[in-house]
Amino acid sequence: MSGRPRYALEGVNISKRFGHLRALEGVSLRLRRGSFHALLGENGAGKSTLVKCIMGYHRPSEGQFLIDEQEQSIDNPHEAHRLGIGMVYQHFTLIPNMSVAENLVLARPCLPARIDWRAETRRLREKLDALPFQVPLDAAINSLSAGEKQKVEILKQLTLDCRILILDEPTSVLTPDEADEVLGRIKAMTRETDLSVLIITHKFREVMHYADEVTVLRKGRAAGTTTVAGTTPAALAGMMLGCDPKRMPSTRREVAVREQVLDLERLTVLDDNGEPAVRGLSLSVAGGEIVGIAGVSGNGQRELVQALCGQRDIGAGCMRVQAERFRATREEIRRHHFRCLPEEPLRNACVPGMTIAENLALREFDRAPYARCGGWLNRAAIGARAAALIERFSVSPPVPAMPIGQLSGGNVQRAVLARELSGDVSVLIVANPCFGLDFAAVAEVRERIMSARNQGAAVLLVSEDLEEILELADRLLVMAGGRLVYETTPAAADLTLIGQHMAGH
Amino acid sequence: MSGEHAGLLGVLIAVLGGAIRVGTPFLFVSLGECLTEKSGRINLGLEGNLVMGAMSGYAISYLSGSAWLGVLAAGLAGALLGALHALLCQQRNVNDIAVGIALMLFGTGLAFFLGKAFIQPTAPRLPAIALGGWSGSPVVRAALEINVLFVIGALLAPAMGWFFRNARWGLMVRTVGESTDAALAMGLDVNRVRFFSTVAGGFLAGVGGSFLSLYYPGSWNEGLSSGQGLMAVALVIFARWNPVSCFYASLLFGGAAALGPALQSVGITWGYYLFNAAPYVLTLLIMIATSSSRRTLTGMPGAFTR
């Protein structure tokens, strides 16, 4: 064994800037040969940027990579493949109408003019026999389950003889059983062969079960590298969340609490694969309080918010608003003053090609004074209201006729806040409202949410940013595996305990 | 009794013969459209290629004295229209459906304009293989005159199926049609692959047009095509983008179109126009029967599902 390099891949002081944004700051990473290394971090911590640098999609602004302890510059993905680095992306890149064999053959760098399927199948079968996954070669991709597709994605890289396998949240589309199978077999491969694996994840369970070592990223910096044997989920959570400088908290006023504003009763919501994402969740939010739901993303928060906002059907259970059954119809939304600030507002709450004025009118355009006798729009009234809201919420640039898709993320958020928070608000659903916003915009958005609460709205805040919840919420709930598993108040919050529950322990 | 029997048999044979005669242009246009759509682009303008092919095939056949030169010219005219479609579609923000409709009108209009001079003269026609020599009945003999182009088309369908499965170029066409992302990741030039697929598809549609003017009905005039080029697009969907199914579907549509004339030939005259509508009714019925609002069509190239 002597003389063989100890590290399959090393990144030394990698920095990457996009304009003024510092995505990575001096991150170092060492992937031991034949090890299973996890890269852990919140959204936006720089995990994806780092692996894109490794794969040659981005060039690091500073720093260098060593493959087998030889310095290499990885200028493009082809170069990465040549060096034996393969990556499995979060979303499937297979061609659904083709068979497994066709997909695997197409991945080859050069194809013969005529493909001898008998020889190709024999060659593939020989390779697959040596690998731990078995997939039916002649099955069409679109007849496979998500787990099988993921296996084909991994096989595609392995049949190309890659020695360093990068997996970007490989289990986000898998059931827990499928995830265990896939990760377990890859782990076994790292033991039996030369394969080294770098896995991006934010699931503590997978890190603790499968990884040998873990590197934690926080805000573009390496918060630490440790062996999994020498750490605990709580310690990892602490490294992930860190301690940020305190900002002026939003002003919280004492308000009279109204009961029974938003009640969820044994709510079950299915995800895109038909699996339950929210499992029998019961919750009630009173008027004049903010209830924060913390949790690692992918534990059903997205589906919960979609169900509340009318974007997803409910599997079982029921939602009540002001003691009446709520099905998120346009009439009910209007009658109950139900407002929603979903994540990625440009995609979930706007029509990007329509103007700011039109987007601001989406809730009201079909009613007087914006619509007159039989559905004629009163453009003057719509424009005047838009101008007033733009002024009040300082949307920039203040041009009502500009398509909303051309605004910056913070201004889209301001415009959606202007639409949702103008007028009476009884219920406000908010999901990751500050994601991707700068410091000033964050403070402003939080202030607006707090003032909605101070005026008596029942606010449900779903966020992956624990700090945000600790600042805004009156009560804090932790969601894991589609259930609410823990409740506390920000005053009594114990980060270690919260971290453990977030990790599903 | 026996006369009725002969009549029924006669209708069946006439429908079979008609299926082959009327189905041949369907076959070429649908194979062309199948190839183009497999690459992820819809060319609705093949009706224009068909009419343009019919006109140029007839004109060149008349001017050169060779029907086969006419077929080649028809194919080239179709390929030119295909190239125009492909070049327009690879510009930014250009919609292939709109370009297709424009080129359909352009192709037919251009063919009428250039073809005025060739309505009167008689051009050499394509040869046929007489398979009905064994029969004494002129109906049977007429029905079983098989044109060489049909034989070429019948061989082309499985060949195209083989091409999609076993040839590197075939897999490239399918990859481009299924997933632009996957194609780009493989380093394929998406526009180039689509260009050649559309040109080749246009060539085939042009050849289909030459069958109309050089064999059946066998002359050039402005009412030559009754929308075969458009129906062939529907036929590709019905055939689920499978070339061999395109062959059977063309025969089915051809047979349906031949129903009216076949019944008339044995003396059943009522409902002539009703039976002539059979292919259109068939199109509708098949589309309704085989479609579902809940799932996308099997075999549909991935480029159309977004």
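The values are calculated or read from the model by the stated rules, or taken from the named source; none is laboratory data. Keep in mind it's a predicted model, so treat the numbers as computed, not measured. We place every Cβ from the backbone using ideal geometry, glycine too, and count neighbours over all the protein chains shown. What goes into the accessible areas is simple: the full protein's heavy atoms, side chains included, and nothing from ligands, DNA or RNA. Shrake-Rupley method; radii C 1.70, N 1.55, O 1.52, S 1.80 Å.
Annotations
- In Å², nearest 10: area of B:Thr198 left accessible to a 1.4 Å probe: 0 Å²
- Ratio Rg/Rh [Cα only; Rh per Kirkwood] for region A:260-502: 0.97
- You can think of it this way: the chain between A:Arg22 and A:Asn76 has 17.3 nm of extra reach, that is 0.36 nm per residue less the Cα-Cα gap.
- Annotation for region A:305-412: GluC sites (Glu not before Pro) lying in DSSP loop with at most 14 further Cβ atoms inside 10 Å of their Cβ do not exist.
- Alpha-carbon centroid distance for the pair region A:56-119 / region A:451-503, whole angstrom: 42 Å
- Chain B: translational diffusion in µm²/s, Stokes-Einstein, Kirkwood Rh over Cα pairs, 10 °C, 1.306 mPa s: 80 µm²/s
- Counts of other chain beta carbons within 10 angstrom of each beta carbon in peptide B:157-168 average 2.
- With the simple model of a label 7 Å out from the Cα in the direction of the Cβ, A:Glu254 to A:Ser61 spans 5.0 nm.
- Think of it as helices only: each DSSP H run of n ≥ 4 in chain B is worth -39500 (n - 2.57), and spread over all residues that comes to -24000 deg cm²/dmol at 222 nm.
- With all protein chains modelled, accessible area of A:Tyr57 [1.4 Å, Å²]: 120 Å²
- Length-normalised contact order for region A:260-502 - Cα pairs under 8 Å, 6+ apart - percent: 29 percent
- Annotation: extensible slack from B:Ser66 through B:Asn191 equals 41.4 nm (criterion: 0.36 nm per residue apart, minus Cα-Cα distance).
- In terms of accessible area, using a 1.4 Å probe and ignoring ligands and nucleic acids, A:His20, A:His91 rank largest first as A:His20, A:His91.
- Across the options A:Tyr7, A:Leu40, A:Ser463, the greatest Cα extent toward the positive end of the charge dipole of chain A (unit charges at beta carbon of Lys, Arg, Asp, Glu) belongs to A:Ser463.
- Once the C-beta distance of A:Arg125 and A:Arg191 is scaled by a Förster radius of 22 Å, the resulting FRET efficiency is 0.35 to the nearest 0.05.
- Shape of region A:247-324, Cα gyration tensor, a/c cut at 1.5: oblate
- At a probe radius of 1.4 angstrom, the accessible area of the protein assembly as shown per residue rounds to 45 square angstrom.
- Cα gyration tensor category, rounded, prolate or oblate, for region B:6-133 with a/c compared to 1.5: oblate
- Along chain B, counting only chymotrypsin sites (Phe, Trp or Tyr not before Pro) with a DSSP assignment other than H, G, I, E or B and at most 16 other Cβ atoms inside a 10 Å radius, the longest segment between sites is B:135-269.
- Residue by residue along A:93-103, Cβ atoms of other protein chains within 10 Å of the local Cβ number 4 on average.
- Full extension of the segment from B:Ile97 to B:Thr122, taken as 0.36 nm per residue of separation minus the current Cα-Cα distance, would add 5.4 nm.
- Put simply, when A:349-357, A:295-303 are sorted by average Cβ atoms within 10 angstrom per residue, most first, you get A:295-303, A:349-357.
- Once both labels are positioned 7 Å from their Cα atoms along Cα-to-Cβ, the gap between B:Arg168 and B:Tyr273 label points is 5.7 nm.
- For the peptides A:73-80, A:11-18, the ranking by packing is A:11-18, A:73-80, with the highest mean count of neighbouring Cβ atoms within 10 Å listed first.
- Qualifying aspartates and glutamates (Cα of each under 12 Å from Cα of A:Lys219; at least 8 residues distant if same chain): A:Glu25, A:Glu42, A:Asp244
- Mean per-residue shielding of peptide B:170-176 is 3, counting Cβ atoms of other chains within 10 Å of each Cβ.
- The protein assembly as shown shape via C-alpha gyration tensor axes, a/c threshold 1.5: prolate
- Cα centroid of region B:252-292 to Cα centroid of region A:304-379, whole Å: 50 Å
- Listed residues B:Cys246, B:Cys34, B:Cys89, most fluctuating in chain B (Gaussian network, C-alpha, under 10 Å): B:Cys89
- Listed cross-link partners A:Lys16/A:Lys187; A:Lys149/A:Lys187; A:Lys156/A:Lys203; A:Lys16/A:Lys156; A:Lys52/A:Lys156; B:Lys38/B:Lys116 are compared with a 27 Å cut-off, the Cα-Cα value being larger for A:Lys16/A:Lys187; A:Lys16/A:Lys156; B:Lys38/B:Lys116.
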